Amino acid sequence: MAAGHLRAFIERIERLEEEKAAISDDIKQVFAEAKGNGFDTKTMRTIIRLRKKDQAEREEEEAMLDLYMSALGMV
């Protein structure tokens, strides 16, 4: 019985890994298409990362970045 459950979990994980790989390929294709249309994919990735955070978290990150850049004479 435990072996059957283990096998089922392993097979589910394997299927999900296959789906994840397919989705990853789809995302790469979208970025390639965006790049082909003149968009900067590095900036797009940054925007996507920032959109995952709430406003307060983004503001805190920006404040720390400004502080560090100021300390290094970059501003």
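Bear in mind that the values in this text are calculations on the coordinates, not laboratory data. Quick caveat: nothing in here was measured; it's all calculated off a predicted structure. For neighbour counting, all protein chains shown are included, and Cβ atoms are generated from backbone atoms with ideal geometry for every residue, glycine included.
Label-to-label distance, residue 13 versus residue 75, with points set 7 angstrom from Cα along the beta-carbon direction: 4.5 nm. When the helices of the chain are scored as -39500 (n - 2.57) per DSSP H run of n ≥ 4 and the total is divided over every residue, the value at 222 nm lands at -29000 deg cm²/dmol. Straight-line cross-link partners of residue 20 among the aspartates and glutamates, defined as a Cα under 17 Å from its Cα and at least 8 positions apart when in the same chain: 11.
Couplings for region 28-37, taken from phi via the Karplus curve 6.51 cos²θ - 1.76 cosθ + 1.60 with θ = phi - 60°, read 4, 5, 5, 4, 4, 5, 4, 4, x, 9 Hz in order; Gly and Pro are left as x.
Indicate the gyration tensor shape class of the chain (rounded, prolate or oblate), computed on the Cα atoms with a ≥ b ≥ c the square roots of the eigenvalues: a/c under 1.5 is rounded; otherwise a/b larger than b/c is prolate and the rest oblate. Note, shape of the chain comes out oblate. Run the dipole for the chain about the Cα centre, Lys and Arg Cβ at +1, Asp and Glu Cβ at -1, nothing else charged, and hand back the magnitude in debye, nearest 20. My answer is approximately 180 debye. Label sites at residue 42 and residue 60, each approximated as a point 7 angstrom past Cα along Cα to Cβ, lie 2.8 nm apart.
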